[in-house]
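These notes concern the structure reproduced below.
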Amino acid sequence: MGDSVGVWGLRGARLPAAYAASGRRALRVTLVAAAGFYAFRYGLDRPVAATYALFTVVALGGLSRIPGTGRQRAAFTARLLPVCWALVALGTCLSVRTWSAVAGMLVIGFTLAFSAVGGPRWAGAAPGLQLLYILPSFPPYDPGSLGDRLLGTTTGLALFVAAEALLFREPAPVPYRERAARAALVAERWAARLATAPAALTDADREEAQEAGQGLRPLNVPDAERPAGPGVRDRALTHTGLAARTLLGRLVQLPAVPGDDTAPDVTAVLRAVARLAGATAACLRTEASPAAGQRQLVAARARLSAVSAGPPAAGGRFPPAVLRCHAAVLEAADAALAMGAAADLAVRGRHATVELPPGRFWYAGVRTPLLWWHRARGHAGRRSVFFQNAVRMALALTAVRLVAGVDTLPHGFWAMLATLTLTRTTLGETWSTIRLAVAGTLAGALVSAGVLILVGSDTAVYAVLLPVWMLGAFTVGPVRGVGWAQGLFTVLVAFVFAQLAQPTWRLAEVRMLDVLVGSAIGAVFGVLAWPRGAHDELRRAAADLLRRAAEIVVATSASVAGGAAASVPSGVPRHRSLERAVVLAESAYAQLQSEPAPFGGGGRGPRPPAVDWQATLIAGHHTLWGSARLLEPPCTPLGAPAAASAGVLGERVAGRMLLVSAALDPGDDTPAATTVLIDPALAGSTDEPPGAPRRYYATAAWLNSLMTDLTRIARPPDRP
């Protein structure tokens, strides 16, 4: 009973804030939609333009969920005007014949749904854009009215953009650039402290590191501030966050600086890391160039690398503790260099002032259309949740359009709208949504029929009721759920169409029929097309990621053991393959956060327990970065004992990756013999082989960090 009271108390505390936010959005939509509709319907007597002005606002302001502040949404929506024109024109021209309307719905429906690969804003705008194409795809089939349709669309969008930019401004969240700058300043303080004090960082410092790193995790960043687009700046900003998190992790794990002759070179690198971290923060905040700090760190890193690679002046070799410290400091320097270069690229785009490594920043010189093509091609397969969602939605909308065209379904537009708004990524969620929507629509239909019978054809009454009801519908619906939303919207569309044509109570009956047809078709395709959403897909994507990472670990450790970089060209395809696997896993993980927990059985084999999916993604990034760093020249020969140890360590980590992969996705495509590769007591895998150079310790540190990631996967947090 106490738990119930606590939950209801928390929910009650959140409801006023939810209603306030929903009310502000509803008021903007109502003012703009009513202004455009009444101006064209009663002021200029242009009912077609009135319809499109109203539904453009409903599509972009009510159905779409574009993240960001009002000004951010206004800027993005303004750029959608040519897209809206094209959708209205294509829908008008293709609707004259059923076969062309059906083909257009399949192609354009898929394209709009698949545009979610462009980031959260495109994903949020896609449903509204679908509605703008659906609206002209139904009667009246009148290409001659295209001018009025475009006029209404343009007016509605322009009014909506102005309202978003000027009315009820919201406080802006912390931008991702500022988050990365704060993390860079934390790294600056730590690097400077480690350069002057040999003592390790305190527990408070580690908590600060965790907080700064958590602030850069995608799940903790608002959708509007998340750099998820395919362009150069978004990719570079994502790269900046990853590098900042890596640098903080390297500094936390940095061993004490040895008190020998190399100490000045080590502290010089740490001071240069601190200066570059500060310059990176300044670049992100004020667009100052970090090129000077980059050059200083490159020089200091080269000096330490040269000293560490050769024998000490007194003869013999450096002790393992010294080489381990050198390897850790050079890894921190590499992360700082990547962070500075990525930040400069994120701020200046292709006009970056820092010299970029050719492999790591491959996207720097690629044009935006090609980057979009690269992103789309990476998701053009049945293992991408974006592709699955686009196929599911396109097929469902196409089926509704075919039924409406063949059987002349009255007001088939409403059936397609039901399919668009009720189809979910999992069958369970779709069925639950449909049940609530049908109940809400039935209640709304009864209310509509009663009002239509009582009021009759008195359009003045509907004109007065429309804005009041619209405000209530768009305020209450998003907070109370899909049942309330469908019921209130049913009455809303009745009030709209009662002002456009002679109203009868059968309008409510038609609305109910259309919702039933549209939701039934959506449910059918929810059963046929990937009914479990991202839950199973994430398991497969994470397992595939670890399998590909294991290949790179084995190839990289073998190359390091051989003392050559000859395998770098052959490793590039493996790297590209792992990059794509990481992208697919990240998109599935992002969708998983919006889906309810799966119920019931299903899937292949036993389901694993809750998994720290973020650790799996980080393992993929660490594999890519570490492999690229170790395969860069110069390639120091390891010697026989160190080479054997590096090879064994690589096989051990790869074997653990394959075991975790098999646990995540125990399917037929998982090699059954992988358990032979894992043995915690493999002979010859010593941590300090005699005569090992620094490159060996860098390899061992990389492999140990991957083992740490795999351990985190096995010990998931409370929330997956």
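The values are calculated or read from the model by the stated rules, or taken from the named source; none is laboratory data. Given the structure is predicted, the values throughout are model-derived calculations rather than measurements. Please note: Cβ atoms are built from the backbone with ideal geometry, for glycine as well, and neighbour counts cover all protein chains shown. Note: areas computed on protein heavy atoms with side chains; ligands, DNA, RNA excluded. Shrake-Rupley method; radii C 1.70, N 1.55, O 1.52, S 1.80 Å.
Table for the structure above
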quantity: The range 495-509, residues that are open to solvent by less than 30 Å² (accessible area, probe 1.4 Å) and hydrophobic (A, V, I, L, M, F, W, C); calculated: F495, V496, A498, L507, A508
quantity: Leading residue by the ranking (surrounded by the most Cβ atoms within 10 Å (Cβ to Cβ)) among those in the range 67-86 that are of a type in the set (A, V, I, L, M) and assigned to a helix (DSSP H, G or I); calculated: A74
quantity: Looking only at the range 201-221, and only at residues there that are among the hydrophobic types (A, V, I, L, M, F, W, C) and in contact with a helix residue (DSSP H, G or I) (Cβ under 7 Å, 6 or more places away or on another chain), the one that is farthest from P173 (Cα to Cα); calculated: L201
quantity: Test: G428 is more than 23 Å from L129 (Cα to Cα), under 30 Å from the mean Cα position of the chain (by Cα) and surrounded by 18 or more Cβ atoms within 10 Å (Cβ to Cβ); calculated: yes
quantity: Sole residue being open to solvent by 40 Å² or more (accessible area, probe 1.4 Å) and closer than 20 Å to F361 by Cβ, chosen from R285, R233; calculated: R233
quantity: Filtered residues of the range 87-109 (kept if over 14 Å from L135 (Cβ atoms), within 28 Å of the chain's Cα centre (by Cα) and either among the β-branched types (V, I, T) or modelled with pLDDT of 95 or more (or both)); calculated: V107
quantity: In the range 450-497, the residues that are under 20 Å from G440 (Cβ atoms) and small (G, A, S); calculated: G450, G472, A473, G477, G481, G483, A485, G487, A494
quantity: Residue match in the range 498-516 (condition: touching a Pro at 6+ places or on another chain (Cβ under 6 Å) and closer than 24 Å to G450 by Cα); calculated: yes
quantity: Count of residues meeting criterion [closer than 18 Å to F387 by Cα and either free of Cβ contacts under 8 Å to residues at least 24 places away in the same chain or open to solvent by 30 Å² or more (accessible area, probe 1.4 Å) (or both)] in the range 127-142; calculated: 1
quantity: Hits in the range 392-436 (condition: over 24 Å from M105 (Cα atoms) and aliphatic (A, V, I, L, M)); calculated: L436
quantity: Output for the range 456-494, where each listed residue is open to solvent by 40 Å² or more (accessible area, probe 1.4 Å) and more than 29 Å from A17 (Cβ to Cβ); calculated: S457, D458, T459, A460, V461, V464
quantity: Exclusive hit being open to solvent by 40 Å² or more (accessible area, probe 1.4 Å), in a helix (DSSP H, G or I) and of a type in the set (A, V, I, L, M, F, W, C), set A520, A549; calculated: A520
quantity: Among the residues listed as V582, V660, V572, V648, the single one being surrounded by 13 or more Cβ atoms within 10 Å (Cβ to Cβ), at pLDDT below 75 and in a helix (DSSP H, G or I); calculated: V572
quantity: Test: residue in the range 106-118 that is among the polar types (S, T, N, Q) and open to solvent by less than 10 Å² (accessible area, probe 1.4 Å); calculated: no
quantity: The range 206-230, residues that are part of a helix (DSSP H, G or I), more than 15 Å from the chain's Cα centre (by Cα) and buried (at least 17 other Cβ atoms within 10 Å of the Cβ); calculated: E208, A209, A212, G213
quantity: Members of the range 345-361 that are part of a helix (DSSP H, G or I) and either surrounded by 18 or more Cβ atoms within 10 Å (Cβ to Cβ) or at pLDDT below 80 (or both); calculated: L345, A346, V347
quantity: Within the range 363-384, considering residues that are farther than 20 Å from T425 by Cα and in a loop (DSSP other than H, G, I, E, B), the one most open to solvent (accessible area, probe 1.4 Å); calculated: R367
quantity: The range 168-183, subset of a type in the set (A, V, I, L, M, F, W, C) and outside any helix (DSSP H, G or I), residue surrounded by the fewest Cβ atoms within 10 Å (Cβ to Cβ); calculated: V174
quantity: Only listed residue being open to solvent by 50 Å² or more (accessible area, probe 1.4 Å) and modelled with pLDDT of 90 or more, chosen from R295, R324; calculated: R295
